[in-house]
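Everything below concerns the one structure shown next.
The values are calculated or read from the model by the stated rules, or taken from the named source; none is laboratory data. Predicted model, so just to flag it, every value in this text is computed and none were measured. What goes into the accessible areas is simple: the full protein's heavy atoms, side chains included, and nothing from ligands, DNA or RNA. Shrake-Rupley method; radii C 1.70, N 1.55, O 1.52, S 1.80 Å.
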Amino acid sequence: MATEENKGLIRGLYEEVWNQHAPEAADEFVAPDVFTRDMLPEYQHGIEGYKHLVEWLHTAMPDLRMDIEDILAEGDKVAAFVTLTGTHTGPLRDLDPSGREVSVKHSHWYRLANGKVAEVWSVRDDLGMMQQMKGEVTV
């Protein structure tokens, strides 16, 4: 796939799967045997683990959005710098819903194969997100 097509695939992934809250749409963008490096081991291998991540985060923040700030592609790799925003109205790990808004920056890296995401790894601000949910840091 060409560079612009690769970027388009990732833009579609964010818009349809994440921003439209449609984990089932991942089938269009993500390979069945995807390897998601930053998940718990039981969810790292396969598209069902990826869908679990989407559902899990949308349970904690039903209004979650991931807005692309910048996107780069070279060869079979695409990198996206995104801002995740949402309101913590559902449980997340051991945190009860706080009703607080969160906004954090993430970098996600994707390796594509056969027109789909084959591998994902991320640099996330999980600590910042948890601090915002607890009210320790304001947005």
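When the Cα gyration tensor is reduced to axis lengths a ≥ b ≥ c, the ratio a/c is 1.5 or higher for segment 1-65, and with a/b not above b/c it is classed as oblate. Which of rounded, prolate or oblate describes the chain when judged by the alpha-carbon gyration tensor and an a/c cut-off of 1.5? In terms of gyration-tensor shape, prolate.
Using only the Cα atoms of segment 40-122, build the gyration tensor, take square roots of its eigenvalues as a ≥ b ≥ c, and label the shape rounded, prolate or oblate: rounded if a/c is under 1.5, else prolate if a/b is larger than b/c, else oblate. Display every interim value, and only then the final one.
On the way: a/c = 2.94, a/b = 1.52, b/c = 1.94.
The shape class here is oblate.
Stretching the chain fully between LYS105 and GLU42 yields a gain of 20.1 nm (0.36 nm per residue, less the alpha carbon separation). The residues of the chain expose, per residue, 51 Å² of accessible area to a 1.4 Å probe. Close Lys pairs in the chain, defined as Cα atoms under 15 Å apart and 8 or more places apart or on different chains, number 4. Computed extension length for ASP76-HIS21: 17.2 nm, one decimal, from 0.36 nm per residue of separation with the Cα-Cα distance subtracted. Between the Cα long axis of helix 3-12 and the first principal axis of the chain there is an angle of about 40°, rounded to the nearest 10.
The value of relative contact order for the chain, using C-alpha pairs under 8 Å at least six residues apart, is 22 percent.
Helix 47-60 and the long axis of the chain differ in direction by around 30°, with both axes built from C-alpha atoms.
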